[in-house]
Each structure stands twice: as C-alpha cells, then as structure tokens.
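Okay, structure first, notes after.
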Amino acid sequence: MPPVIAAEHLQKRYKDFVAVADASFVVERGEIFGLLGSNGAGKTTSVECLQGLRHADGGTLRVLGLDPLTQARELRRRIGSQLQEAALPDHVRVWEALDLFSSITPGGRDWREVMEQWGLTDKRKASFHSLSGGQRQRLFVALALVNSPEVVFLDEMTTGLDPASRHVAWDLVRRVRDMGTTVVLVTHFMEEAERLCDRIAVMDAGRIVAEGTPQKLVSGHARYVTVMFSADAQDLTWLDAVPGVERVTRHGARVEVRGGGAVLAHVAAALVAHGIAPPDLRVEQPTLEDVFLTLTGHDMEE
C-alpha cells in the first residue's frame, strides 16, 4: 500500500532565506507522524506545502496520491487542518463555526454529530472568547474533522495551553487516530512527540536529520544511561575501571556514572563487592531531548 504522504527533497525559500533546504519523509496510513523541531526549523512551511497552501520550490510531493500544487482543491476536500495561528472571531458561537465549516466542505459528517463527539454540545451557544484553552482545542479539532478527512494536520496545537489542557488535547489526538484518520503532528514539545507519535522526523535548519519511532531514535542516537546514587566521601576512583563506564562525576554526596551496555548491573555488582549498598541507586534512561541535542548540537530553545 502506498504511503499517505510522500515528500522527496522538498525545498522552499523566500528570497535569500531558505525555509526548507531538503526534506524527505513518508507518512503511513493510520499513524500519528510527528515533525519535531525548534521554531524556525521548517516544520510549518513543510506542512503548508503539503496542503497546497504554499508552493514548493523544489522536490516532489504527494498527499493521498495527489499533487498539492496542481490538485489543491481536490486535496483539501480530503484533508483537515488546524493551523499554528488558528483563531476565530471572539463572538462567533460554537455551533456557528461548525455550521460554517460544514457548509464549506459539503459531503462530510453532520456537524451536530461532530460537536457531540468532541464534548461541545453543552457549549454550542458559547462564544469563542468565553471558551477555556482545552475547549478551544476541542473546537479546532472538531473543525478540522467536520469534513471527515483522511489526513489531518495539527500544527503546534498545544502551544500556550496549561498542563491539564495539554493532556486533554493529547487525548483528542489519540482519539482522532483511533477513528482511522492519519495524523501529522507538528510540535516542538519533546514529551508530546514521545507520548503521541508512532514515528517522528526530527527537523533542523530545513532538513530531516533523523526519522523513526521514538524508541528507535533513543536507542540509536543516545546510547548512554546515567547511574546515580549517594555515597560518603570515600574514594570511588575504582569505578572508572568498571565495564561500560565512560565517566564518573561527583556533586557532594551525589555520584553520577555515565556509561553504556549493562553498566547498571556492573556498577551495582562493583558497589556491593566494595561493601557499598546505596539505598537510592537508580538509573536515568536517555530521552528524546538527549537525541535532539546529539543530532542538532543545540537544545530546543536555541
């Protein structure tokens, strides 16, 4: 079965500014695919080209077998979109927004059914400005789904939300995928990508620098774990010779041992052999943030 989305060597520039230098990736049917990168990495420009909202300057794009450049009108009937700067007039009511979007894309689901499914029936007469952050996200997702899309693009949908509202939004995304809709999620939140996405493409400076499942990215690019425990002031220089240990650092009574492979087992055995049994011995696994730093040389905020 061909992929739902196929981007090959996508390029986009604005005069002298290169927004997307060279991006290639595929999205399979029924998955949550994440584009992860810092602001300015080229994520939004890429998905706007995929939706036919911007014209790519180079490369080949196919979404649902269609060319976004020449078949944009047909494509938009089959996709849904929640843009990064999504907003509605303050005084528009929930039902009015859903009714309007439904009329623009006839042939989709009854907007009343969508409103009920996304928990907005009690707010049907509420104005947009009176909605909470979580309720606004419910409405934006409902608007993106009212035409029964095969693919939905969600661009930074949780930016500005409090933690509780963010978790509500994550549940919405999972429900969208479980309904059979392919989701393209644009985000710069590590935890969001790690929790939601089946596969992730890490984007930096307009290029895809890595792609895979969160677990594969972590295991492939962040090979070290950190073993931590507390110890008195005794000499621990012998830890340097323990198999798998790369570096030992101390911060007062706190000891951190960085290493790979079965370093936890080796360190624990060596401690016991030296008569040390710290009750707070624990291991810190690498994260997607460690992967991003390794791949790009900078953290997400830079």
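Centroid-to-centroid, using Cα positions, region 179-222 and region 31-108 are 19 Å apart. Recomputing Kirkwood radius over Cα pairs in Å from the coordinates shown identifies the correct label among [x] 21.7; [y] 20.3; [z] 22.5 as [x]. Per residue, the convex hull spanned by the alpha carbons of region 224-285 comes to 73 Å³. All distinct Cα pairs of region 183-242 go into the 1/r average, and the inverse of that average, the Kirkwood radius, is 14.7 Å. Remark on Gly58: its backbone amide H falls under 5 Å from those of Gln11, a criterion applied only to residues 5 or more positions apart or on other chains, H modelled at 1.01 Å from N. Residues whose amide H lies under 5 Å from that of Arg199, counting only those 5 or more places away or on a different chain, are Ile32, Gly34; hydrogens are built 1.01 Å from N in the peptide plane.
Each residue of region 136-142 was assigned a 3J(HN,Hα) from its phi angle through the Karplus expression (A = 6.51, B = -1.76, C = 1.60, θ = phi - 60°), giving 5, 5, 4, 5, 4, 5, 4 Hz with x at Gly and Pro.
Okay, helix-only estimate at 222 nm for the chain: each DSSP H run of n ≥ 4 adds -39500 (n - 2.57), divide by all residues, round to 500 deg cm²/dmol; what do you get? Mind showing how you got there, number by number?
Details: 10 runs with 95 residues, N = 302.
Calculated mean residue ellipticity at 222 nm is -9000 deg cm²/dmol.
Listed values for region 187-197 are Karplus-derived 3J(HN,Hα) couplings in whole Hz (6.51 cos²θ - 1.76 cosθ + 1.60, θ = phi - 60°), namely 7, 10, 8, 4, 4, 4, 5, 5, 7, 9, 7, and x replaces Gly and Pro.
Between Asp67 and Glu31, what is 0.36 nm times their sequence separation minus the Cα-Cα distance? Round to one decimal in nm.
10.9 nm
In this structure, Thr237 and Leu293 have a Cβ-Cβ separation that, at R0 = 45 Å, corresponds to a calculated FRET efficiency of about 0.95. Across region 102-108, rounded Karplus estimates of 3J(HN,Hα) from the backbone phi angles (6.51 cos²θ - 1.76 cosθ + 1.60, θ = phi - 60°) give 5, 6, 6, 10, x, x, x Hz, Gly and Pro being marked x. Residues Phe189, Phe292, arranged from fewest to most other Cβ atoms within 10 angstrom of their Cβ, appear as Phe189, Phe292. Amide H to amide H distances under 5 Å link Ala19 with Lys12, Arg13, Tyr14, where only residues 5 or more positions off or on other chains count and H is placed in the peptide plane. In this label model, His9 and Thr60 are separated by 1.0 nm, measuring between points 7 Å along each Cα→Cβ vector. Determine which aspartates and glutamates satisfy two conditions relative to Lys125: a Cα distance under 20 Å, and not lying fewer than 8 residues away in the same chain. Leaving aside aspartates and glutamates fewer than 8 places away in the same chain, those within reach of Lys125 are Asp90, Glu96, Asp99, Asp110, Glu113, Glu116. Per residue, the convex hull spanned by the Cα atoms of region 176-302 amounts to 138 cubic angstrom.
Read-outs throughout are calculated quantities, based only on the coordinates presented, and are distinct from any laboratory measurement. From a predicted model like this one, the values you see are computed outputs, not experimental measurements. In this analysis, Cβ positions are derived from the backbone assuming ideal geometry, glycine residues included, and neighbour counts consider all displayed protein chains.
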